[in-house]
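Below: the structure, in structure tokens.
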Amino acid sequence: MISLPVVIISVILFFVLFFGIGFLLNMLLRMSWIMAILYPIVCLFIINNQKMIAYVREPGIAFSGIGDRIVSLAAADIIILLSGLIGAIVSGLVINALRKRGYQMF
């Protein structure tokens, strides 16, 4: 069981981390929603406990295993991962707002 202060700090850290990564990727690649698109893949890397080659060699077993892992996540884990998704989406919104106001990022 995760304590409440750990969850709160983790939520803030995931939001700031993925906001920052998303903001930088959006500036460099000029694609406003790149991190929001890549975030589910990042979540799968965080959640899974199998090697990546298992998805190529035994895809049926590997994908059903990741499905079981996703279903068995605790509420705190889901909240933390959702805060990262919100950070990625907010970074896209901020980049779009800055570009509309005339700021050119690289």
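Any residue that is surrounded by 15 or more Cβ atoms within 10 Å (Cβ to Cβ) and more than 9 Å from the chain's Cα centre (by Cα) - is there at least one of those in the range 54-61?
yes
Do we find a residue being out of contact with any strand residue (DSSP E or B) (no Cβ under 7 Å at 6 or more places or on another chain), assigned to a loop (DSSP other than H, G, I, E, B) and modelled with pLDDT of 90 or more anywhere in the range 64-72?
yes
Scan the range 62-70 and tell me whether some residue there is surrounded by 11 or more Cβ atoms within 10 Å (Cβ to Cβ), without any contact (Cβ under 8 Å) to a residue 40 or more places away in the chain and in contact with a Phe, Trp or Tyr (Cβ under 6 Å, 6 or more places away or on another chain).
yes
Which residue out of F15, F45 is closer than 28 Å to I2 by Cα, assigned to a helix (DSSP H, G or I) and in contact with a helix residue (DSSP H, G or I) (Cβ under 7 Å, 6 or more places away or on another chain)?
That would be F15, the only listed residue that is closer than 28 Å to I2 by Cα, assigned to a helix (DSSP H, G or I) and in contact with a helix residue (DSSP H, G or I) (Cβ under 7 Å, 6 or more places away or on another chain).
What is the number of the single condition among (1) among the polar types (S, T, N, Q); (2) assigned to a helix (DSSP H, G or I); (3) closer than 30 Å to M1 by Cβ that S91 does not meet?
Every condition holds for S91 apart from (3).
Which pairs turn up if I take residues in the range 20-37 that are surrounded by fewer than 19 Cβ atoms within 10 Å (Cβ to Cβ) and look for partners that are among the aromatic types (F, W, Y) with beta carbon separation below 6 Å, at least 6 apart in sequence or on another chain?
Matching pairs, first to second residue: M27/F106.
Can you find even one residue in the range 20-39 that is over 30 Å from Y103 (Cβ atoms) and assigned to a helix (DSSP H, G or I)?
Within the range 20-39 (the criterion being over 30 Å from Y103 (Cβ atoms) and assigned to a helix (DSSP H, G or I)), the answer is no, since none of the residues qualifies.
G102: assigned to a loop (DSSP other than H, G, I, E, B), among the small types (G, A, S), surrounded by fewer than 14 Cβ atoms within 10 Å (Cβ to Cβ) and over 12 Å from the mean Cα position of the chain (by Cα), yes or no?
In short, yes.
On the given criteria, is I78 at pLDDT 90 or above and touching a Lys or Arg at 6+ places or on another chain (Cβ under 9 Å)?
no
Just to be sure before I move on: is I78 within 19 Å of the chain's Cα centre (by Cα), surrounded by 15 or more Cβ atoms within 10 Å (Cβ to Cβ) and not in a loop (DSSP other than H, G, I, E, B) in the structure I sent?
no
The values are calculated or read from the model by the stated rules, or taken from the named source; none is laboratory data. Quick caveat: nothing in here was measured; it's all calculated off a predicted structure. Heads up, the Cβs are rebuilt from the backbone with ideal geometry, glycines too, and the neighbour counts pull from every protein chain shown.
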